[in-house]
Amino acid sequence: EVIKPFGRITARYTVTVPKEAKGAYYSVLFFETVLGTATDEEGVNVLVAGRIGALVFIQVKGTVDRKGEIKSVELIAPQGNKPLEVTTTFQNSGNVDITLGGNFLIMDAAGKVQGRGDLNKIYTFPDSTETGDTQWVGRLPKGSYQVLLTYDLGKGKNLVEEKALVVK
């Protein structure tokens with residue numbers, strides 16, 4: 001169908017989920033057009049394509065299994081002008097996409113909070129393992145600390161890790 005400039009149409013679609021489907025499914029519905037006219041210069045045709053994608057996320061009610069495991073957490077202490085670096089590797093072992101976020105607290109030997117921050121998000125699909133990095137630019141005096149990391153799996157599920165940190 002041809003749509004005039006600044007014109008509008010309604011596109012309707014139906015998704016039929018098979019009875020045996022479990023977990024989550026993802027797709028993109030693309031609307032594409034060729035803009036302008038083709039030009040033929042020295043045997044070369046040039047067309048400009050416009051594409052708009054509509055993301056479709058489907059979760060089959062009662063079958064979603066939201067789970068995963070923190071495979072590793074690596075801390076690199078701040079030094080000079082270099083920030084604290086937190087590298088997290090997460091394995092999504094469920095059947096739904098998980099955007100893993102969270103936060104951390106840095107506590108001294110007395111249990112007093114010396115720093116806090118948000119963890120950068122890690123985007124995962126089922127059966128995937130991804131790594132994400134976070135930097136924290138605060139200052140810490142020399143000493144030993146405990147870093148408490150709380151990862152949010154979504155829908156009220158959390159994973160907690162605790163790591164030692166030594167600032168020299």
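Listing for the model above:
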{"read-out": "Subset of segment 125-149 that is assigned to a strand (DSSP E or B) and open to solvent by less than 40 Å² (accessible area, probe 1.4 Å) - its residue that is nearest to K67 (Cα to Cα)", "value": "S128"}
{"read-out": "R116, sole failed condition from (1) touching a Lys or Arg at 6+ places or on another chain (Cβ under 9 Å); (2) open to solvent by 90 Å² or more (accessible area, probe 1.4 Å)", "value": "(1)"}
{"read-out": "Test: residue in segment 3-19 that is surrounded by 10 or more Cβ atoms within 10 Å (Cβ to Cβ) and of a type in the set (G, A, S)", "value": "no"}
{"read-out": "Which numbered condition V86 fails, given (1) open to solvent by 20 Å² or more (accessible area, probe 1.4 Å); (2) farther than 28 Å from G23 by Cβ; (3) touching a residue at least 60 places away in the same chain (Cβ under 8 Å)", "value": "(1)"}
{"read-out": "Index of the failed condition, A110 passing every other in (1) under 20 Å from the mean Cα position of the chain (by Cα); (2) open to solvent by 20 Å² or more (accessible area, probe 1.4 Å); (3) of a type in the set (A, V, I, L, M, F, W, C)", "value": "(1)"}
{"read-out": "All positions within segment 93-104 that are in contact with a Leu (Cβ under 8 Å, 6 or more places away or on another chain) and crowded, with 20+ Cβ neighbours inside 10 Å", "value": "I98, L100, G102, F104"}
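The values are calculated or read from the model by the stated rules, or taken from the named source; none is laboratory data. Quantities reported herein were computed from a predicted structural model and do not represent experimental measurements. For neighbour counting, all protein chains shown are included, and Cβ atoms are generated from backbone atoms with ideal geometry for every residue, glycine included. Note: areas computed on protein heavy atoms with side chains; ligands, DNA, RNA excluded. Shrake-Rupley method; radii C 1.70, N 1.55, O 1.52, S 1.80 Å.
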